[in-house]
Structures are given as C-alpha cells and as structure tokens.
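The values are calculated or read from the model by the stated rules, or taken from the named source; none is laboratory data. Source: prediction; values computed, not measured. Reconstructed Cβ throughout: ideal geometry from the backbone, glycine too, with neighbour counts over all protein chains shown. Keep in mind that these areas ignore ligands, DNA and RNA; they rest on the heavy atoms of the full protein, side chains included. Shrake-Rupley method; radii C 1.70, N 1.55, O 1.52, S 1.80 Å.
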There are 2 protein chains.
Amino acid sequence: MKRLPRLAAAFALVAAAPALAAPNPDTTVGQIVASPSYRAAVAAFDSDHDQWVEDIVAITQIAAPPFKEEARAKAFAEMLRKRGLDPKIDEEGNVLALRKGTQPGPVVVVAAHLDTVFPEGTDVTVRREGTKLMAPGVGDDSAGLATLLALIDAMNAGKVQTRSDILFVGDVGEEGLGDLRGVRHLFTKGEYKGRIGTFFSLDGGGLDSMTTGGTGSKRYRVTFKGPGGHSYGAFGIVNPMAALAQTVTGLYKLKVPANPKTTYSASVVGGGTSVNAIPAEVWLQVDMRSASAAELAKLEKQFLAIVPKAVAAENAVRSTKPGKISAELKPIGDRPAGHTDPNADIVRFAEAAFHSEGINVKKGTSSTDSNIPMSLGIPAITMGHIAEGGRAHSPDEWIDTAKAPNLKLKRILLATILAAAGMP
Amino acid sequence: MKRLPRLAAAFALVAAAPALAAPNPDTTVGQIVASPSYRAAVAAFDSDHDQWVEDIVAITQIAAPPFKEEARAKAFAEMLRKRGLDPKIDEEGNVLALRKGTQPGPVVVVAAHLDTVFPEGTDVTVRREGTKLMAPGVGDDSAGLATLLALIDAMNAGKVQTRSDILFVGDVGEEGLGDLRGVRHLFTKGEYKGRIGTFFSLDGGGLDSMTTGGTGSKRYRVTFKGPGGHSYGAFGIVNPMAALAQTVTGLYKLKVPANPKTTYSASVVGGGTSVNAIPAEVWLQVDMRSASAAELAKLEKQFLAIVPKAVAAENAVRSTKPGKISAELKPIGDRPAGHTDPNADIVRFAEAAFHSEGINVKKGTSSTDSNIPMSLGIPAITMGHIAEGGRAHSPDEWIDTAKAPNLKLKRILLATILAAAGMP
C-alpha cells in the first residue's frame, strides 16, 4: 500500500513519454547529471571538500555512545540550521530537517545515524595521517552525517529543486542494542509515519557496492533458573547449566539454508557463583539472522521450541524436590528482514548513477537502518558515504578522505537521490 | 609405615596388661577422666569460660580472607606465646606451637584453620544476643582457634603431661581455592613432615558427630578457545560454546555411585563478548567429589575424556578453516579423598570420650583439613569445637556459646586428645 504513490508517479511519467513502457533509469540519471543545477551542485563538492573533512572531524569528536546521542544530535541540528533548514528533534531523539519539494506527495528520506558503538569515556580524538582520519566512529557513521551535510550544501549551491520533499535525518539507535529504534520510530510512530515513499541510508564505505537486502535478526537473552545448592550435599538436583547446555547443543543441530543466508550464534554466556555450588542461575545470549523474514521466523520458532524442551528434559532426569528449572526468554534484539525489489526505481537509479561514473555496482545484504522500510515494503537502499575505510567498531577505525574518489561517490549519491526525488 | 610407632605403643600397653588382647578405649578414657590432672584441667574450662568467649570475639574480628591470613596468624601466635608456648610461623603461613611430651616419638597435631571464606572488606564485627554470637567466620573457624587455646589453658591449669609431643596448629588455606594448602604443607614439606602420627582438626559444630571420612575433590577450569568471528559473516565456523555445551551434556550423563557418595557439578560459566560475535573463548568450572579416592579418580578420568571428545566433535562438524577449537584444563582444586579406619585408636578414643559423656557419636564424611593425613594413611579425625552453630559461609553465620553444652564438648575433646597423646 505504501508503494502506491510511487507507482502512481511512475505511471504519470509513462503518460508523459508514451513511447516507453517505463522510464529508462539511465536516461533519467543522464538528464540529471547533464543539468546545470546538478553541475553547479557537484562543483560545490569540490570547493567544499575541506569543509566536509572538518565536519567529519567535528562530528566524530562529539561522543555519541549507544542511547546517549543527545549532544551530537543538538550539534547536528545546529549544523542543519546553518544550512537554512529548520531542524527538529523528535520524541525518540532523531534530528529531522525537511527540504521542501515542488509537489505534494511521498517524502524521500536521506538518513545517517548519530550513534556509535563506543561506550562513554572512549577517546574520540581524530588523528590525521595525510588524507586518512583515524578515530572510533569516524566512519560509522560520523562521516555519513558529514556527507549528508555536503549533499545539502551542494543542492543549495546549485539551487537544486526537487519534486518530492526530502527529509534529512540524523537518527538514533542504529547500532547493537539500539536495535534500529530511531528509524523504527520514524516509520511507525513519528510525524512522517505513512508519508515516506523512498529511504536512503548513508552508512558504510566503498565505491562499488550498495545494500538492497536487509538481514533480519532476532536476539534473546535466556536465563535458566533452578534451586541451586551445595555441589556435594545437593548433588542429584536439577542444574540450570545442564538445561543451558542442552539448549546450545539443540541449537547447533539445526540446519539452516545457505540461501537465503540464515545463521545462528550462541554468543555470550555467564552464571554461577562458586565452584562448589550448583548454580541457581545461568544465562545465554543468542543471535539469529536471515536475509529472509520467513526463514528467520522459522529459525526463531525452532529455537523457542528447543528451550522448553531442554528445561523439561532436565526436570525429568534429576530431582526437582527443592525446585524446578525454568527459563525466561527476554528479546534483546529484533531487526526485521526485508529486501528492495531489484527492479524498484531506487535500485535502478542507483545502478544508473554508478554506471554514469563507469562503475558496475554490486548489490549486497546487510543489517542497516534500511531494514525497517524494507520490512514494510517501502523501497530503501543503503549506500556508502566514504570511498574507503575500515576497522569499523574497533578503536582502529579509519577512513580516507582523498578527494577524487570521494567527489565521485558524492556525485553518485546526489544523482541517485535527485532521480528518486525527481527534478521539476 | 607412619602408623608403626603408634602400633608399637599399643603393643607396649598390651604387654603391661597381658589379660587384654588390645587396650580397651573405654578403660583408657575412663582412667584419663578420673585422673586429678584431667579434673583440674576441666575445672579451668569452667572458670575460663568468659575468656574463651572473648577470645572467639577477638579472633573473629581480625579478618582472615582467603590467602590473607597473616594478621590473624600473627595475633594467634601472640595468644599462644602468652600461654607459655614458643610459636613460629612456617613458610606457608601456618602458626605452629609445640607442647613437649615426656617421650620421643610421633607427634599429635591439634589444628584449627585461620582462614575464612569471606573476602576483604567484609564487616566482621561480632553481634551478641545472649549467649549467641553472630559474625561472618565466627564459627568457621574462629571459635575453633579459641577452643584450641582453651585446651592449652586447661592443660596448663591441670599441669597435664602427655607422652607424645602435641603440636598446636593454626593453619592457612582450608577454604575453597586455598585447597588445604596449610595442612598439605605441614604433611608434605614442613619441618614436621614424616613425624606426625595423629591429626585432630577442630572444625565445625555439633555435640553428636565427628568426621572420620574425607570427601575428595578435583576441580577444573576448562577454557575452550576458537577463532571467533562475526555471528552472521563467519557463520559455519566452529564455536567453542558448542564444545562447552557438549562437555556439560556429557558430564551430566555420567552415572556415579550413591555409596561411596560421588558427585559432580558444572558450577560456573562465562565467556563471549558480544551478542553478534561467535565467541573466541568460553570457560567452565567443574567440581567433582567422592568419599572414595578410587571413585574420584574414575570420575576424573571420565571427565578428562569427555572434554577432548567434545572438542573433536565440534571440530568435525563445522568449519575449522579460520582455526580449530582447543580446550585447556587448569586444575583449580585437588583435595584427596581418604578415611580413617573405624577401628583406629583415634576413632575409638573419640567414641569412648563421647560415651563417657553419655553420647553415641555419629561418624560422617566431609571435606576438611583431615583429608590430607587421611589420604596419606595417617589417622585423623575432625571434631566440632562448638556445641551449636549454623549458617557457616553466609553473612548470617552464628554460634551459641551457652556454657553447659560447650564445657561438655571441651571435656570430650580433651579426653580424646589425651588418650591419643597418652598420659605418662
């Protein structure tokens, strides 16, 4: 249902060019890159290059630990205000700034995430070596926010008009236990709920790939409890560790498809107090993922059946006189799987934009903010915002701000976004 | 070999009383309790009762965390010095004070342990409610050390002479990971190595039981290592958690005898860093115990076979391309099992001493300092030092210093020790 307005727009285009069955994305992109306003815009990428680098440094150095993005959000809103927009911070903590289009209709969102994976107290000072910048979070996703600002600067410099409104978003909670909360709010509760027709996430690096599939994930913390007791005196009673072990063993017997890729991991474990005590409580963190929502649901169902079976088996085989084993399942992550149709406009526009720069882009699957719109059937892709970088999520994280490849990437991003938003 | 001197002494007694096949323990104990010096000694228990209570309080309030018994050891040595003995602190930290006998020969040891289970910083202030004393460690084994002092006071008051030397010991490392290191040192490395013929441990409470069997234990920390990796990207590689789970599952399938009681426990577990990572390392603490050294060895052997089997199974079933699973077994506890022959002099003397007070004493099995001599074939028993107490190892630990039952218990202890040491 959410895709209807976009289809309506496509039919309108068809009506305007009756000889074509559908608009040719290469043609659309070709017209955009040839336009004077686009050319003026991309000239600004060049002249503003140093500003872009300084924005990356400034943003990176405002720490944004998980669930603590507020300081960076305020600073980012101020940066948007300086660019002539009227940003607001929504109830979830997302920064939203609308750049009006010429026509009513669905909104195009361009988002980068505010949060990093690094905890409070991490030294986020940026070190420079030539064009390389090094700091925790510098690439993921500080440079994404700076690239978003550079796109606005360029559009302003080129006096670029779009048919659709473009909503620029700095969102919270993309990483880990943040569980995509910012974008989830945007699509399911915020003021733009039901009004977004296209979604771009600027996340990650690389000049030859984009993300058109969203790996879904389900994560649980399972706590096994029992009576506990003295290792010698109480021997023979149920042990929650045995139920945990059977759960892991059961999980690792499951067969999952290689395609769509589906995975599981028993990742973190803990519990027990002393070597001479049968533990009263042990716990386990489990991660399950799939590129397919159906396969993920199937895997989750199997896992949720294994836990009570393991508990029942332990309660059946040892004494429950002082108490039984129980298991408590707490969801700690839920990212919906999804994908954007390879023939969707947004994908074809991006392919055409890469192609205009001589690049055959590869389509991949990953877990990003785009998972949310993909799972809702709203066309979404995640594109890189930096030509080269690495070691994301590690203290050695780095990016390369070398001018030529980054100008190229920005040109591709702008062409794709303008094709999706339409130029009047 | 270590028991020969004691047997020689027994034969000497037989020679002195040719009508008997062996000395009757009741007769021996009867003669002791009727002796003027014993009667003078037990009168001191009565007159010194308040001093005993104050000694318990003073000792309890000198914290003695695991591996940090030094302050208490020094204070205890000073208390022994005030009683006319010449204490020394050995290389391991044990306090040793010899009370000379009238004849050369094997030494009788009377020991209580200095250490408590409570960590540094625990409030060890004693609270009093009538005759009840409450504090962490008050009963286990602070009151044992005070009772040891009361025995010396009484022997001094009664001018009691013994044939054998009596070595009074305040030993370190009885609890948990201390792993009986104090008494182990005494029997295997210290200056009295090879010279101890009889061992008494004053540990625990109760007026109707004593410990003649030593539960052995073997404890391991098993660390499972693997390559680790991204939960989605590296799916399919070996997971050390799966090997750990199979180890626990394998252990909990083992059948062990109810008699001699043999037990195991998978007690503490940990490892992994993030829900979205296949862990590179997980670990498990396992406790195995038996009243029988042979059964304990059998259980340990089975466990040590389960670990590599679990590792091999995991390496066989998933990819080892980035690295294999390995397991490292670190022993973290080794208490030998053992028992003292029910017909050994020491057991029969104790039974006779209880009997002289109208008590039919029960014989039990436990893990105490006596495990070490028992495992070496040296007669040893562990006796209570307080008539009533409870909640040992918990912050609510308590003892009751009520006079009558505690005088009775001290009379039993003194009669047993004097019977074992012999009176000239």
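One table, with the values for the structure above:
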| item | result |
| --- | --- |
| Highest-fluctuation residue, A:Ala387, A:Ala352, A:Ala402 considered, GNM on chain A with Cα pairs under 10 Å | A:Ala402 |
| For region A:183-274: rounded, prolate or oblate by the Cα gyration tensor [a/c cutoff 1.5] | prolate |
| Count of Lys pairs (Cα-Cα under 25 Å; at least 8 positions apart or interchain) in region B:249-342 | 20 |
| Alpha-carbon centroid distance for the pair region B:157-211 / region B:381-413, whole angstrom | 18 |
| Value of D in µm² per second that Stokes-Einstein yields for the protein assembly as shown, Kirkwood Rh from Cα pairs, at 10 °C (1.306 mPa s) | 49 |
| Counting DSSP beta bridges with both ends in chain A, the antiparallel % (nearest 5) | 70 |
| Sparsely packed GluC sites (Glu not before Pro) within region A:110-189, loop by DSSP, other Cβ within 10 Å at most 14 | A:Glu120 |
| Computed magnitude of the charge dipole of the protein assembly as shown (debye, nearest 20; Cβ of K, R +1, Cβ of D, E -1) | 2160 |
| Selected from B:Gly384, B:Gly364, B:Gly216 as most flexible by GNM, with chain B as the system and alpha-carbon contacts under 10 Å | B:Gly364 |
| Most fluctuating residue given options B:Asp26, B:Asp171, B:Asp396, as computed from a GNM of chain B linking Cα atoms under 10 Å | B:Asp396 |
| Ratio Rg/Rh, restricted to region B:233-363 and using Cα atoms, in which Rh is the Kirkwood radius | 1.22 |
| Region B:278-352, Cα convex hull volume normalised per residue, Å³ | 99 |
| Within region A:80-127, trypsin sites (Lys or Arg not before Pro) in DSSP loop having at most 13 other beta-carbon neighbours inside 10 Å | A:Lys82, A:Lys100 |
| For residues of A:236-248, the mean tally of beta carbons on other chains within 10 Å | 5 |
| Carbon + sulfur, % of accessible area of chain B - ligands and nucleic acids excluded, 1.4 Å | 54 |
| Region B:328-385 - Rg over Rh from alpha carbon coordinates, Kirkwood radius | 1.11 |
| Leading residue at positive end of dipole, chain B (Cβ point charges), from B:Thr262, B:Gly233, B:Leu418 | B:Gly233 |
| In Å, descending, principal axis extents of the Cα set of region B:71-170 | 45, 35, 20 |
| Spatial extent of region A:372-424: Rg and Dmax, with the Cα atoms as the point set, Å | 14.6, 45 |
| Accessible surface buried once B binds A (1.4 Å probe; total of both sides; Å²) | 3500 |
| Relative contact order computed over chain B (Cα-Cα under 8 Å; 6+ residues apart), in percent | 23 |
| Ratio of Rg to Rh over region B:223-297 (Cα coordinates, Kirkwood Rh, two decimals) | 1.15 |
| Shielding by partners, peptide B:276-288 (average Cβ within 10 angstrom, other chains) | 5 |
| Mean accessible surface per residue for region B:71-161, computed with a 1.4 Å probe while every protein chain stays in place, in Å² | 41 |
| Threshold 50 Å², region B:315-345 residues less accessible with all protein chains present than alone (1.4 Å probe) | B:Arg318 |
| On Cα atoms only, tilt of A:70-81 relative to the major axis of chain A in degrees | 10 |
| Average partner coverage of A:257-266, which counts Cβ from other chains inside 10 Å | 5 |
| Share, in percent, of DSSP beta bridges within the protein assembly as shown that are antiparallel, nearest 5 | 70 |
| Convex hull volume of chain A per residue (C-alpha atoms, cubic angstrom) | 149 |
| Spatial separation of Cα centroids for region A:91-131 and region B:319-340, in angstrom | 49 |
